[in-house]
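Read the structure below first, then the notes.
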Amino acid sequence: MANGPVPRPFLKWAGGKTQLISELIARMPKQFSRYYEPFLGGGALFFSLYRSQKIRLAFLSDLNAELIDTYLAIRDYVDDVIAILSQYPHSKEFYYDLRIRDPWKMPLPERAARMIYLNKTGYNGLYRVNRQGKFNVPFGRYKSPRYCDRENLKAVSNALQGVSIKCVPFEKAVEQADEGDWVYFDPPYAPLSQTSNFTSYHATGFSPEDQKRLRDVCLSLTAKGVHITLSNSNAKLIRELYSIPSFFISEVPANRAINSNGNRRSKITELIITAYPQEQPTQLRLFGNTARYASETT
Ligand SMILES: C[S@@+](CC[C@H](N)C(=O)[O-])C[C@H]1O[C@@H](n2cnc3c(N)ncnc32)[C@H](O)[C@@H]1O
């Protein structure tokens, strides 16, 4: 793995995992071949693993086409992306001019520069589109946002060389995963309460049926000998779905900055679920045979 500046997530992303990284790293498999991250978002775990030289071959994907195009542009045309971003002024007028432009009519590096600029200067780093698929986040209140962080963009581009980056649904993304590989799933979180159900399902587009499909994908991957790590909310639905012998559930404190209610900051717990075919006996010894659900918050 190349030396040089260390890459960090270059986008703010709702549900970004920076806060949970140490908990995820503490539970990662001891050994693995290929690394898959099918709900990529800002890629916090990927960049962290890259920094500690843990990754040999990576397969990154997400269903958000603009997000994936931004990664592709940084991987393949980083100098063009930087050159475009360095011309962009920080102003409300420019923000709204850029926001109304159709990203799909822009060349790839410009589309990526638009995404980074809107993400770094828009309200709270939200990604939100209306029914017509048009980005509709208002201008943010930052004094001097760093939307053209040359050094980090170059480091990210370096980290992405040789990495597979695709816009595909999660099931498709892991079709080729095989014995000894590791998949980290970080899906849109299941809402915690009945009252937040309606808005959350619509906001994330990830229904209880999707959560169940994901659990089934985890089960078939485990049967193939693939290591699985999954993060999700501490919702009843998720505890129920994964309370079966293949999985080990731990509850960890999390400090999420952006949640389904906007920018309200709250201290909550989240679940990290693992299924490591060869390593399961060690975990069972550590936490006790009957403890399928271990709370680490007390
Ligand atoms: C919780 S975020 C991931 C955050 C990421 N781990 C980070 O550190 O920023 C969930 C991601 O899943 C993506 N997504 C939603 N439904 C999907 C699906 N069916 N297949 C693949 N990706 C999906 C969203 O576009 C979003 O980027």
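Please treat every number below as a calculation from the coordinates, not as lab data. No experiment lies behind these values; they were computed from the predicted model shown. With ideal geometry, Cβ positions are generated from the backbone for all residues, glycine too; neighbour counts draw on all protein chains shown.
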- Task: Work out the FRET efficiency for Q132 and S220 from their Cβ-Cβ distance, taking R0 = 30 Å, and round it to the nearest 0.05.
- Result: 0.25
- Which whole-number percentage describes the relative contact order of region 1-90, with Cα contacts under 8 Å and a sequence gap of 6 or more? 28
- Note on the structure: Residues meeting the amide H criterion for K166 (H placed from the backbone, H to H distance under 5 Å, 5 or more places apart or on another chain) are L60, S61, D62
- Place +1 on the Cβ of every Lys and Arg and -1 on the Cβ of every Asp and Glu in region 74-159, take the dipole about the Cα centre, and give the residue among L98, G125, A113 whose Cα lies farthest towards its positive end. G125
- Message: Which one, T18, L45, L57, projects farthest toward the positive side of the charge dipole computed for region 5-62 from Cβ point charges (K/R +1, D/E -1)?
- Response: L57
- Taking Cα atoms only, Rg over Rh for region 74-159 with Rh from the Kirkwood formula is 0.95
- Under 5 Å, built H, 5+ apart or other chain: amide partners of G122: G140
- Query: Points 7 angstrom from Cα along the Cβ direction at Q176 and S22: gap in nanometres?
  - Reply: 3.6
- Query: If the cut-off is 18 Å between C-alpha atoms, which lysines fall inside it for K17, apart from same-chain ones fewer than 8 positions away?
  - Reply: K54, K120, K267
- May I ask for log10 I(q)/I(0) of region 93-247 at q = 0.11, 0.14 Å⁻¹, from a Debye sum over the Cα atoms as equal point scatterers with solvent left out? -0.64, -0.97
- Long-range amide H partners of F185, meaning residues 5 or more apart or on another chain whose placed amide H is closer than 5 Å, are T229, L230, S231
- Query: Do you know the relative contact order of region 74-159, to the nearest whole percent, from alpha carbon pairs under 8 angstrom that are 6+ apart?
  - Reply: 37
- Hey, what do the phi angles of region 90-95 turn into as Karplus ³J(HN,Hα) couplings, whole Hz, using 6.51/-1.76/1.60 and θ = phi - 60°, x for Gly and Pro? 8, 8, 4, 4, 5, 4
- Query: What does the charge dipole of region 74-159 about its Cα centre add up to, to the nearest 20 debye, if the Cβ of each Lys and Arg holds +1 and the Cβ of each Asp and Glu holds -1?
  - Reply: 440
- Query: Assigning unit charges at the beta carbon (Lys, Arg +1; Asp, Glu -1) and nothing else, what dipole magnitude in debye, to the nearest 20, does region 1-141 show about its Cα centre?
  - Reply: 460
- Task: Using the 2.2 N^0.38 Å rule of thumb for compact globular proteins, work out how region 1-144 stacks up: its C-alpha Rg over that value, please.
- Result: 1.12
